[in-house]
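> First the structure, then my questions, so here it is.
The values are calculated or read from the model by the stated rules, or taken from the named source; none is laboratory data. Just so it is clear, the model here is predicted, and its values are computed rather than measured. Cβ placement follows ideal geometry from the backbone for every residue including glycine, while neighbour counts extend to all protein chains displayed.
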Amino acid sequence: MAPPKTYSSISAFHSKLLGAKRILAVCGAGLSASSGLPTFRGKGGMWRNHEAMSLATLDAFERDPGLVWMFYGYRRHMALTVKPNAAHYALAELARKVPGFMCLTQNVDNLHIRASHPPSQLKLLHGSLFSIKCTRCSFLQPSNADDPFCPALAPASLPPPPNQPHPILDPNTPLPSVPAQDLPHCPKCQIGLQRPGVVWFGEQLDHQMLEDIDKWIEAEKVDLVLVIGTSGVVWPAAGFSEQARTKGETSVVVVNMELEEGGRNNRPEKEDFGFEGDAAVLLPRLLE
Ligand code: BV8
């Protein structure tokens, strides 16, 4: 495999890393790409003939909970069948070595957790595919890895035929329709439907978590901000790297398959770094 192209010297980055006491990472779907989970801007942008983002909304769920649950049932199944990659492990290792390291992830695939990332140094900005909430009351099941999530969603958890795409992805193969009564309802209020514990577009991120992140960023100068495998399109996640920058002192380090994408479209400052390539190849080298 050709060595990744970089726009900055790895040794210059290493000397900056050596002295760094406070490091913030903002991670996106590109971090899990090498584990086999498609990104939203790549193949993962479309699910059947639906834009993934259009399914990641409360409106879509209220309109057709069966379709949205089939989408999430498939993503739960995929996330369970893949493994964390070397980048997840490199970030977990950095957290153990540098107590002043905080990792913010937009990913809901739980791969950081499965890489044993210390929980106190990880914030799941957009929740998790594997936590379950109620649409009506405060019921929350923090961890549920049932696959399928319920019998009606079994088609989403079938193994794809060898060397063929999963039939559920084929827009020409009709999806089994799943009426709401076949979906799990809340064990607490007995009325609301259970839903994935993710933050949908138009929903607010957890207030306490946002407060904790602000406190962490404002507590002391941040030496390094690692922006890993994200297109920087989704807010407020996209705002944390600039919020953490102290002009002239904080280095923003972008690791992306296409550097123009990952937040470098604005001219990088001289103290910044850019490394173009697969996070799963680059991060273990950068953080060694
Ligand atoms: C909210 C969970 C406020 C669900 C997701 C300004 C301020 C506040 C809000 C907004 C705002 N402007 C617009 C908004 C609204 C909206 C938003 O940001 N819209 C976008 C589309 C413009 N934001 C919200 O709705 C947020 N809520 O702010 O509430 C509010 C206030 C009042 C009242 C109500 C609300 C909630 C956003 C959370 C949405 N949920 N996920 C699910 O997953 O199903 S977002 C979802 O998409 C992911 O979690 C992720 O965050 C995002 C995809 O982004 P990336 O992770 O960056 O992935 P992407 O595919 O785009 O890019 C991959 C990158 O990796 C690429 O750059 C590629 O080059 C690179 N790459 C690929 N392979 C590799 C690689 N790099 C390295 N190595 C590789 N191998």
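> What's the number of the condition G36 fails, among (1) surrounded by fewer than 16 Cβ atoms within 10 Å (Cβ to Cβ); (2) in contact with a Cys (Cβ under 8 Å, 6 or more places away or on another chain); (3) not polar (S, T, N, Q)?
(2)
> Cβ-Cβ distance below 7 Å, separation of 6 or more or different chains: which pairs start in the range 60-73 with a residue that is more than 20 Å from D146 (Cα to Cα) and end on one that is at pLDDT below 95?
A60/S54
> If you don't mind, another one. Condition check: more than 12 Å from the ligand (Cβ to nearest atom), buried (at least 21 other Cβ atoms within 10 Å of the Cβ), farther than 15 Å from T230 by Cα and modelled with pLDDT of 95 or more. Does L91 satisfy that?
Numbers: more than 12 Å from the ligand (Cβ to nearest atom): yes; buried (at least 21 other Cβ atoms within 10 Å of the Cβ): yes; farther than 15 Å from T230 by Cα: yes; modelled with pLDDT of 95 or more: yes.
Yes; evaluated as a whole, the condition is true for this residue.
> Residue check: is S8 among the polar types (S, T, N, Q), surrounded by 14 or more Cβ atoms within 10 Å (Cβ to Cβ), more than 10 Å from the ligand (Cβ to nearest atom) and closer than 20 Å to G229 by Cβ? If you could, list the steps in order and put the result at the bottom.
Numbers: among the polar types (S, T, N, Q): yes; surrounded by 14 or more Cβ atoms within 10 Å (Cβ to Cβ): yes; more than 10 Å from the ligand (Cβ to nearest atom): yes; closer than 20 Å to G229 by Cβ: yes.
Yes.
Okay, residues lined up against (1) of a type outside the set (S, T, Y); (2) more than 29 Å from G277 (Cβ to Cβ); (3) surrounded by 21 or more Cβ atoms within 10 Å (Cβ to Cβ); (4) within 13 Å of the ligand (Cβ to nearest atom):
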site	(1), (2), (3), (4)
N49	yes, yes, no, no
P65	yes, yes, no, no
A79	yes, no, yes, yes
A86	yes, no, no, yes
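> Filter the range 56-95 down to the residues that are under 18 Å from the mean Cα position of the chain (by Cα) and under 17 Å from I132 (Cβ atoms) and list them by number. Talk me through it step by step, then tell me what you get.
Within the range 56-95, the first condition is being under 18 Å from the mean Cα position of the chain (by Cα), and the residues that meet it are 56-57, 71-92, 95.
Answer for the range 56-95, where residues must be under 18 Å from the mean Cα position of the chain (by Cα) and under 17 Å from I132 (Cβ atoms): A56, F71, Y72, G73, Y74, R75, R76, H77, A79, L80.
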